[in-house]
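Visitor: The structure is given below, and queries will be raised subsequently.
Bear in mind these aren't lab numbers, they're just calculated from the coordinates by the rules spelled out. Being a predicted model, the structure only gives us computed values, none of them experimental. All Cβ positions, even for glycine, are placed from backbone atoms using ideal geometry, and neighbour counts span all protein chains on display.
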Amino acid sequence: MDATSCRIYCIKQHRPSLRARAKKAGHQSCRQNFRFQWRSGRKQENDVQDFRVLELFSGIGGMHYAVKRILPTCYVEAVDINTVANKVYEHNFGERPHTLDLNQITWDTLDSYGADMWCLSPPCQPYTRTVFGKRLDASDNRSRSLIHLLEQLPLMQRPPKYLIMENVEGFVGGKVHGLLKEALLACSYQLQV
Ligand SMILES: C[S@@+](CC[C@H](N)C(=O)[O-])C[C@H]1O[C@@H](n2cnc3c(N)ncnc32)[C@H](O)[C@@H]1O
């Protein structure tokens with residue numbers, strides 16, 4: 001990833017169940033809690049205990065590290081196709097990601113993780129503006145897995161309430177960015193950034 005041009009999206013779907021669960025556990029509303037932590041970047045005592053995160057395209061776990069800083073007690077599961085990256089991830093966090101091809105994953109497997117939030121870091125090669133980048137966008141095979149996930153989302157019984165995605169600047173305004181926005185709005189998500 002080109003660190004100087006990275007963008008982060010936070011997208012959420014309003015669902016009373018998460019708030020109700022947080023209230024029952026004596027926390028402030030999950031939404032307020034998450035928003036506050038997101039903005040301030042500060043650890044809070046009333047962290048959400050049973051918040052489940054699915055890190056897709058986990059690599060060596062940059063998203064894991066970031067999310068644990070704002071939700072220290074959340075449970076993180078990860079998926080990546082690269083076995084070497086998965087070994088490094090295990091070294092970093094003590095848990096080996098599922099070695100799966102996200103081009104093949106189906107909605108019921110995604111449901112089975114029961115995630116409240118997805119963190120996605122899909123391959124940036126289709127969009128990058130570096131000298132090596134061909135900028136093929138949706139025509140690059142490496143964008144297929146993200147498109148496939150967007151196709152599975154509406155089929156899910158228990159879709160995540162929040163999605164965070166990072167990618168390079170060249171992603172914004174392209175075809176796959178358009179597909180992402182369309183898919184999320186069709187599933188009643190709100191684009192926060
Ligand atoms: C931009 S990197 C991830 C960066 C990550 N945030 C980190 O901290 O390392 C993209 C990742 O997607 C994985 N990936 C690419 N195609 C995949 C696929 N079809 N299924 C699962 N993982 C895939 C790569 O192995 C790579 O680790």
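Visitor: For a footprinting-style exposure proxy, rank ILE147, ILE70, ILE164 by other Cβ within 10 Å, fewest first.
Guide: Lowest count first: ILE147, ILE70, ILE164.
Visitor: Separate question: Over the stretch 45-149, one equal point on each Cα, no solvent: what is log10 I(q)/I(0) by the Debye formula at q = 0.10, 0.16 Å⁻¹?
Guide: Values returned for q = 0.10, 0.16 Å⁻¹ are -0.31, -0.75.
Visitor: Sticking with this one: Between ASN103 and HIS148, how many nm apart are label points set 7 Å from Cα along the C-beta direction?
Guide: 0.6
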